[in-house]
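The values are calculated or read from the model by the stated rules, or taken from the named source; none is laboratory data. The structure displayed is predicted, hence computed values, not measured ones. Reconstructed Cβ throughout: ideal geometry from the backbone, glycine too, with neighbour counts over all protein chains shown. Note: areas computed on protein heavy atoms with side chains; ligands, DNA, RNA excluded. Shrake-Rupley method; radii C 1.70, N 1.55, O 1.52, S 1.80 Å.
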Amino acid sequence: MTRVIVVTSGKGGVGKTTSSASFASGLALRGFKTAVIDFDVGLRNLDLIMGCERRVVYDFVNVISGDANLHQALIKDKHCENLFVLPASQTRDKDALTEEGVEKVIKDLEHMGFDYIVCDSPAGIEHGAIMALTFADEAIVVTNPEVSSIRDSDRILGILQSKSRRARDGQEPVKEHLLITRYSPKRVEEGEMLSYKDVQELLRIPLIGVIPEAECVLQASNSGTPVIHAKEEDAAAAYQDIVARFLGEERELRFVSYEKPGLLKRLFGGA
């Protein structure tokens, strides 16, 4: 049965699209037929991070309005055999997304045999974000370890619990997962950043993973390759762990501890 996962947050710039790209790629790498949809109508960044911006001919709104069908609009990812991208429109308004239109696209993807549909939500609580979470079975709530980001994520949790189709129909609630990005154990140790335990205590939803702060994340985005493909990088391993946990596997939580450098490192240029 197809599962719909929304990747969401209240605040912009926390790494939603980066996480959507790597999470969807990770599912595809594990052999699941996966579609990732950009709901950020008017801005559109997912195609850049996926490295397929030059291949966009038709988009999500074209499909909803009947100007193209899904087969025309879906772009096959160049890194993963089982991954397809449905880009957003850069020239239309977010109101072009209708609940009926979004539902039809999701049902058509189900009929095409997709195992997972990942919805990359715009930030905030406006129309595009509501459309992204309406049909979700599960939600990955992305937050940075800072008070404003956590507060905005808490607001999104309230909306998930009240405005999703599952909430409206009295079904089993959307299953929530917490993803913490841009995490620096060193800054936590120095008291400059909230710990992952602090964030989890404030939001009270299960932690699916922690992504360490790393230059490779930005480099991957700029090169059009999801960071999960960056071999030997901690951030890539962290996203692989998240996919494994999502699929029900046990994985130790990594990249959350800070080891102070020894005396020799401090004397000879260690951090």
Restricting attention to segment 231-254, report how many residues are assigned to a loop (DSSP other than H, G, I, E, B), modelled with pLDDT of 95 or more and of a type outside the set (Lys, Arg). 7
When segment 30-47 is examined, which residues are found to be open to solvent by 10 Å² or more (accessible area, probe 1.4 Å) and either at pLDDT 95 or above or touching a Cys at 6+ places or on another chain (Cβ under 7 Å) (or both)? ARG30, GLY31, PHE32, LYS33
Is segment 87-102 home to any residue that is within 16 Å of the chain's Cα centre (by Cα) and surrounded by 14 or more Cβ atoms within 10 Å (Cβ to Cβ)? yes
For ALA167, only one of the following conditions fails: (1) farther than 17 Å from LEU179 by Cα; (2) touching a residue at least 12 places away in the same chain (Cβ under 8 Å). What is its number? (2)
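Check segment 207-220 and report whether any residue there is more than 16 Å from THR18 (Cβ to Cβ), open to solvent by 100 Å² or more (accessible area, probe 1.4 Å) and over 15 Å from the mean Cα position of the chain (by Cα).
No, because not a single residue in segment 207-220 is more than 16 Å from THR18 (Cβ to Cβ), open to solvent by 100 Å² or more (accessible area, probe 1.4 Å) and over 15 Å from the mean Cα position of the chain (by Cα).
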Got at least one residue in segment 224-233 being buried (at least 20 other Cβ atoms within 10 Å of the Cβ) and touching a Pro at 6+ places or on another chain (Cβ under 6 Å)? no
Might you let me know whether segment 132-143 holds any residue that is in a helix (DSSP H, G or I) and in contact with a strand residue (DSSP E or B) (Cβ under 8 Å, 6 or more places away or on another chain)? yes
From ASP154, ASP115, residue being out of contact with any Gly (no Cβ under 8 Å at 6 or more places or on another chain) and open to solvent by 10 Å² or more (accessible area, probe 1.4 Å): ASP115
Filtering segment 157-170 down to residues that are open to solvent by less than 100 Å² (accessible area, probe 1.4 Å) and out of contact with any strand residue (DSSP E or B) (no Cβ under 6 Å at 6 or more places or on another chain) yields LEU157, GLY158, ILE159, SER162, SER164, ARG165, ARG166, ALA167, ASP169, GLY170
Can you name the residue in segment 179-192 that is open to solvent by less than 30 Å² (accessible area, probe 1.4 Å) and not polar (S, T, N, Q) and, of all such residues, is farthest from the chain's Cα centre (by Cα)? PRO185
Scanning segment 1-60 for residues that are polar (S, T, N, Q) and within 26 Å of GLU146 (Cα to Cα) gives THR8, SER9, THR17, THR18, SER19, SER20, SER22, ASN45
Being on the phi < 0 side of the Ramachandran plot and either surrounded by fewer than 11 Cβ atoms within 10 Å (Cβ to Cβ) or part of a helix (DSSP H, G or I) (or both): is that true of GLU176 here? no
